[in-house]
Structure formats: structure tokens, C-alpha cells
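The values are calculated or read from the model by the stated rules, or taken from the named source; none is laboratory data. Owing to the predicted nature of the structure, the values given are computational and were not obtained by experimental measurement. Please note: Cβ atoms are built from the backbone with ideal geometry, for glycine as well, and neighbour counts cover all protein chains shown. Ligands, DNA and RNA are excluded from the accessible area calculation, which covers all protein heavy atoms including side chains. Shrake-Rupley method; radii C 1.70, N 1.55, O 1.52, S 1.80 Å.
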Amino acid sequence: MGIIHMVLQGKGGVGKSYIASLLVQYLKLKECEVSAIDTDPVNNTLAGYKEFDVSVLSILRENNVDPRMFDSLMETALVLPEDAHLVIDNGASSFIPLCSYLLENEAINLLQAEGHTVVLHSVVTGGQGIMDTVNGLAALAKYFPEAHLAVWLNPKDGEIALDGLTFYDFKVFKEYGNSFHSVIELPHRNTATFGKDLSDHLARRLSFDAAIHSSQPIMVRRRLSKYWDDVVAIMDRANLLLGRAA
């Protein structure tokens, strides 16, 4: 049946919506049927990409997350057509409520019993957020062993290393690494050129294809094209289609 991609991480500002946007663009590039839902109760960043026609699910009731609203998310996922993909971008503030809902309702088991595949995408970043993101990843690995778990290493805030150890030396990788579906290392590029272009690109909420074919300066478009080609190659190796033909 369908493949449900949930982008989950309890730390804000680590690139969850960016990764959700990469998933949507990649799946479209591979000519997959793809839909997307933005459940972030604070910032509907993914929904800001008008090209993607993202649905917004409001989960707040009187300024609190109402877990019953996730029932609507499940209804959509359960009727996902064969070989279709659903990308769900979840905010940091609703990380615990959604994880609790998935556990309490055995939601992943239900989706799998209906023939769907569930992929949890979690982000690990460098800088001050490194331990928070590692702990968020560990929680997903511990509580949802039945799901495919794709780990995204996002170096936007610095090298993903601590006390001389890289991610592959961390306890979370030693303990759960064998069960990870994939580890996806996003490219690290010169901040003055590629980094500035990427930052401006994200602010515009455009797909890479739209930016590459825009009226921006030639070298900007060239760098964005190179970056996107590199990301596509990395995602190809991650087997995000789970062996299914595009």
C-alpha cells in the first residue's frame, strides 16, 4: 500500500520542515504520487511552499494540543492509495503529544496491519542542539522499533561531533544503528557562497526546480543546482522509496 513519512524531532529550529520539503521534492522528482500535511501548531513552514499544495491540520484547542485531532491524520493515512506517499511535518511543540498518541493507540502497528509502511525521519544537528536532537532520536528508536527510522544529519549549526566523537561513535548509534533504515548526511558547503544561497532559497519557500529555473544570477542558480544534485544522490542511496519503482 502507501508509505507514510513522519518528520519528528523534539528540538525546534533543526531543519524538520526543510527535510520534509526535500522529501516532497524528491518524491515528485521520482514521479511518485505524494501529498503532504503540516501539523506544526506554531509555524506552518512546509505549508508555505505553495507549489506543494500542503494541507494544514490544526491540532490546537484553546491553545493546547488536542490529541484527538490526530485521528484525522490517521484517517488520511489509512486510506492512502497503493504506492502513494504521505509526508507529515510535525512541530517541536507537538512532538511529545504525537508520539504519545502513536504509542497509546498503537497507530504504527495499525497502519502496518493495513499494508502501509511507516518511515520516521529524525534530525540530528550540531551546535547547541546536538544532545537534544540525539535524545529525541534515541526516544524514537526505543519506543517505535516497528517503524523504519531514517536519520538525517544536518550540519547547519556546526559539525555533528562532541568531545572528539562523531555521530557514529555516539551511544545512540552503537545501541540502535543496526536498526536504522538509513543515515542521511546532508552536504556541508562554504557558508559564504553555497550557505548564503541556501539560506536565501529557504526564505523564499521555493522548490529547487523553481529556483534553478528562476531569474536569479547564473552562479546562484548553478550552486543551487549542484547542491540539489548532491542531495538527490544522497537520498537515492538512502532507499527512501523502500525498493519500490518510481
Where a residue in segment 111-136 is open to solvent by 60 Å² or more (accessible area, probe 1.4 Å) and its partner, wherever it lies, is in a helix (DSSP H, G or I), with Cβ under 6 Å and at least six apart:
E114/L78
So, in segment 176-197, of the ones that are part of a helix (DSSP H, G or I) and of a type in the set (A, V, I, L, M, F, W, C), which residue ends up modelled with the lowest pLDDT?
A192
Could you tell me whether any residue of segment 83-96 is out of contact with any helix residue (DSSP H, G or I) (no Cβ under 9 Å at 6 or more places or on another chain), within 25 Å of M1 (Cβ to Cβ) and in contact (Cβ under 8 Å) with a residue 60 or more places away in the chain?
yes
Quick one: would you say S225 is in a loop (DSSP other than H, G, I, E, B), surrounded by 13 or more Cβ atoms within 10 Å (Cβ to Cβ) and modelled with pLDDT of 95 or more?
no
Please enumerate the residues belonging to segment 77-105 that are under 21 Å from F52 (Cβ atoms) and surrounded by fewer than 16 Cβ atoms within 10 Å (Cβ to Cβ).
V79, P81, D83
Single unsatisfied condition, P67 versus (1) in contact with a Pro (Cβ under 9 Å, 6 or more places away or on another chain); (2) at pLDDT 95 or above:
(2)
Quick count over segment 94-128, residues being part of a helix (DSSP H, G or I) and more than 30 Å from D163 (Cβ to Cβ), is 15
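Report yes if some residue within segment 149-162 is more than 20 Å from Q128 (Cβ to Cβ) and either in contact with a Phe, Trp or Tyr (Cβ under 7 Å, 6 or more places away or on another chain) or in a strand (DSSP E or B) (or both); otherwise report no. It would help to see each step written out before you state the result.
Step one: list which residues in segment 149-162 are more than 20 Å from Q128 (Cβ to Cβ), which gives 149-150.
Adding the requirement that they be either in contact with a Phe, Trp or Tyr (Cβ under 7 Å, 6 or more places away or on another chain) or in a strand (DSSP E or B) (or both) leaves 149-150.
Yes, the conditions are met somewhere in segment 149-162.
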Any hit, segment 203-210, residues being among the charged types (D, E, K, R), in contact (Cβ under 8 Å) with a residue 24 or more places away in the chain and in a loop (DSSP other than H, G, I, E, B):
yes
Free of Cβ contacts under 8 Å to residues at least 40 places away in the same chain, open to solvent by less than 30 Å² (accessible area, probe 1.4 Å), in contact with a helix residue (DSSP H, G or I) (Cβ under 7 Å, 6 or more places away or on another chain) and not aliphatic (A, V, I, L, M), is that true of F194?
no
Answer with yes or no whether L73 is touching a residue at least 12 places away in the same chain (Cβ under 8 Å), part of a helix (DSSP H, G or I) and surrounded by 21 or more Cβ atoms within 10 Å (Cβ to Cβ).
yes
